[in-house]
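The values are calculated or read from the model by the stated rules, or taken from the named source; none is laboratory data. Predicted model only: the values in this text are computed from it and were never measured. Neighbour counts run over all protein chains shown; Cβ positions are idealised from the backbone, glycine included. Heavy atoms of the whole protein, side chains included, go into the accessibility calculation; ligands, DNA and RNA do not. Shrake-Rupley method; radii C 1.70, N 1.55, O 1.52, S 1.80 Å.
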Amino acid sequence: MPTETPPHHDDWQQTRWRTGLRRKLLAWFSNHAREMPWRSDPTPYHVWVSEIMLQQTQVATVLPYYRRWMKSYPTVADLAAAEESELMRHWEGLGYYRRVRSMHAAAKQIMTEHGGEFPLDYEQVLALPGVGRYTAGAVLSIAAGAKLPVLEGNTQRVYSRWIALRVPPTDRDANKLLWDVATRMLPRSGSGQFNQAAMELGALVCLPKNPKCDQCPVQSHCRAAELGLQAEIPGKIKRIAYEDRTEFALILSREQRGATQYLARPLPDGGRWAGLWDFPRCTDAATESVDAAAGWLSQQLGAEVAAGVRLQTLRHAVTKFRISLHVHQAAFSNAVADPKSPAPWQWVSLDQIRTLPLSVTGRKIADFLVDDDQSILPLS
């Protein structure tokens, strides 16, 4: 009677297998590691900032943000003392803005509970806002040499292929197994180097699609390659099912002392892009039409607003939505000599807009207004 095929190979439990793989991987990493500013000076603060920035973001995108960040906030104390609006402005374009707000809260906690020194105790690091098992392990292994595993997108894929894991790595039992593999793979010393090497292999060679197996330094240890399963492993991870959604932004403007000002507001806590500024649009629910959007804004301002011509359409994805954002010129229905802006709405100039932290689409609208400053005039 045939036996059921095991869901993974257990070669990783053999000391000889792990030792040979480590040696080859670390030799490859010493010759192929990319130069990164946090690697040249791997203090806990530097590694922490880089790891938070790298969540859901490519290295090439992060590099200029990291350099600018360290120029403005070279220490935990500088980060803790910063204004949130300035932090959001530095983060603009990286997305997942909750990360930067958690970093700010964590920096304040480090100042009050740890005397401004990034803690090196695992439980204390885990207690920081926005820090989970992966981030704590990365920071402490890379910056302090702690023998802690790292399991993120790249290593999850690498380890799944090494052991030919035939079930999705996000399944509970599979995820637990991969953490066990990550832990057992660590050398007696130099865990930070090994973790970085495994992540680098996933980023440069063991790619999600069309992995470069012929360039892999540990191909002879990879059971997925041996079985020809590298295209099927890791197993399919449930993807976001996007919903189409239409939204409207309304551009209200006025002339003040010879300059054009535009209505904007800081977005409230708990909603999309909290802490950023945006032009008038409803982000809490779908809006059926531009007239309905004008009705929503009228309620917000306590004055009747009418929508005008469409200026542009922007398409982007947020959480589970694929959004078509129609940007319309708008005006108050009745002549208002000096339209006021009830809090938190404010009239801001283009120069002021340049200094405000905006969402990606908000910045695109602002850039459009800058480019067309002479043609986007108040409606009468």
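Structure data summary
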item	result
Candidates Arg99, Arg89, Arg133 - the one that is open to solvent by less than 40 Å² (accessible area, probe 1.4 Å) and of a type in the set (Lys, Arg)	Arg99
Residue selected from the range 23-37 under the condition open to solvent by 40 Å² or more (accessible area, probe 1.4 Å) and in contact with a helix residue (DSSP H, G or I) (Cβ under 8 Å, 6 or more places away or on another chain), by the criterion nearest to Gln219 (Cα to Cα)	Lys24
Residue within the range 117-126 that is farther than 24 Å from Val76 by Cα and in contact (Cβ under 8 Å) with a residue 40 or more places away in the chain present	no
Matching entry among Ala198, Ala107 (being open to solvent by less than 30 Å² (accessible area, probe 1.4 Å), out of contact with any Asp or Glu (no Cβ under 7 Å at 6 or more places or on another chain) and closer than 20 Å to Thr43 by Cβ)	Ala107
Residue tally, condition in contact with a strand residue (DSSP E or B) (Cβ under 6 Å, 6 or more places away or on another chain), of a type in the set (Ser, Thr, Tyr) and either closer than 26 Å to Arg101 by Cα or modelled with pLDDT of 85 or more (or both), over the range 253-292	3
Residue under evaluation Asp291, criteria (1) surrounded by fewer than 19 Cβ atoms within 10 Å (Cβ to Cβ); (2) touching a residue at least 24 places away in the same chain (Cβ under 8 Å), criterion not met	(2)
Ser40, sole failed condition from (1) farther than 17 Å from Ala197 by Cα; (2) loosely packed, with under 15 Cβ neighbours inside 10 Å	(1)
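Table: residues versus (1) under 22 Å from Ser160 (Cβ atoms); (2) outside any helix (DSSP H, G or I); (3) modelled with pLDDT of 95 or more.
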| site | (1), (2), (3) |
| --- | --- |
| Thr3 | no, yes, no |
| Trp12 | yes, no, no |
| Trp17 | yes, no, no |
| Leu25 | yes, no, yes |
| Trp28 | yes, no, yes |
| Trp48 | no, no, yes |
| Pro74 | no, yes, yes |
| Asp78 | no, no, yes |
| Arg89 | no, no, no |
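Matching residues to (1) more than 24 Å from the chain's Cα centre (by Cα); (2) crowded, with 22+ Cβ neighbours inside 10 Å:
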{"position": "Arg184", "(1), (2)": "yes, no"}
{"position": "Gly190", "(1), (2)": "yes, no"}
{"position": "Ala203", "(1), (2)": "no, no"}
{"position": "Ala224", "(1), (2)": "yes, yes"}
{"position": "Arg245", "(1), (2)": "no, no"}
{"position": "Gln256", "(1), (2)": "yes, no"}
{"position": "Gln261", "(1), (2)": "yes, no"}
